[in-house]
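Notes follow the structure.
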Amino acid sequence: MLKVEKHEPAAKKVSELKYKKGYYVEHTTGIINKFTERNGISGGHNYDEFKKYFNSNSNKYELESVVKKKHPDIEGIFDIEYKVKCEKMDYTGKNGTGEHKILPNKNRVYKKTVYDPKIISNDEIIDLSKKAMEDGIKNERIIRLVKQNKLIIQGEADYHGKKLKFEGIKNVETDEIENAFPVLEWRN
């Protein structure tokens, strides 16, 4: 469980928000560059890019199972729970054994909220995420991650008359919003 404390943001104009160049857009919409056995995919909120990562021949991980939970009001947004399989390695860590293991272990699953770019375009999701970050700052829905020196911003944006929730991560040291992504529900 994350150690969090409520954070009172400094009085700052929303128009002064900074987004991390070369990362903010790419984290949400772009190709996936990182998978860890502990946390799963980093970024990869574009469902086509998510699937493409696992369909790549250069990738050692294969999707084993995916369970989708649709957003109750907005088509094209859903939570996924997934597991992957990969080949077990021999004691040197260099040669495959021909046997496979399923990750994560036991009853755990990796979780992620994704969007379907055929329904909500990359440009739309970025525009919505920025509006949601402005909303979160204005309404002071901010949680401080003490050890990481980051803030979680929880905001909403209007999408065809419905509210789409987002969470974003702001680096306190650089004052940049590093990423933002849609969620079905905010974390507590």
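The values are calculated or read from the model by the stated rules, or taken from the named source; none is laboratory data. All values derive from a computational prediction rather than experimental measurement. Note: ideal-geometry Cβ built from the backbone for every residue, glycine included; neighbour counts use all protein chains shown.
Key figures
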{"quantity": "Matching option when the condition is surrounded by 13 or more Cβ atoms within 10 Å (Cβ to Cβ), in contact with a His (Cβ under 9 Å, 6 or more places away or on another chain) and not in a loop (DSSP other than H, G, I, E, B), among Phe35, Phe54, Phe78, Phe50", "calculated": "Phe78"}
{"quantity": "Single match in Glu134, Glu140, Glu124 (criterion: more than 18 Å from Lys60 (Cα to Cα) and under 17 Å from the mean Cα position of the chain (by Cα))", "calculated": "Glu124"}
{"quantity": "In the stretch 46-84, residue farthest from Tyr115 (Cα to Cα) [restricted to those that are of a type in the set (Gly, Ala, Ser) and modelled with pLDDT under 90]", "calculated": "Ser58"}
{"quantity": "Pairs with Cβ under 8 Å, 6+ apart, first in the stretch 62-81 and outside the structural domain of Leu164 (by TED's automatic domain parsing) and in contact (Cβ under 8 Å) with a residue 12 or more places away in the chain, second in a loop (DSSP other than H, G, I, E, B) and of a type in the set (Lys, Arg)", "calculated": "Gly76/Lys118"}
{"quantity": "Of all residues making up the stretch 14-62, the number that are under 28 Å from Glu75 (Cα atoms) and over 17 Å from the mean Cα position of the chain (by Cα)", "calculated": "3"}
{"quantity": "Sole residue being farther than 18 Å from Tyr24 by Cβ and of a type in the set (Asp, Glu), chosen from Glu124, Glu156, Glu173, Glu178", "calculated": "Glu156"}
{"quantity": "Residue tally, condition surrounded by 15 or more Cβ atoms within 10 Å (Cβ to Cβ) and not aliphatic (A, V, I, L, M), over the stretch 86-115", "calculated": "6"}
{"quantity": "Which listed residue is touching a residue at least 24 places away in the same chain (Cβ under 8 Å) and surrounded by 14 or more Cβ atoms within 10 Å (Cβ to Cβ), from Gly30, Gly40", "calculated": "Gly40"}
{"quantity": "The stretch 163-188 residues that are touching a residue at least 60 places away in the same chain (Cβ under 8 Å) and acidic (Asp, Glu), paired with ones that are assigned to a strand (DSSP E or B) and surrounded by fewer than 21 Cβ atoms within 10 Å (Cβ to Cβ) (beta carbon under 7 Å, 6 or more apart)", "calculated": "Asp175/Lys18; Glu176/Lys18; Glu176/Tyr19; Glu178/Ile169; Glu178/Asn171"}
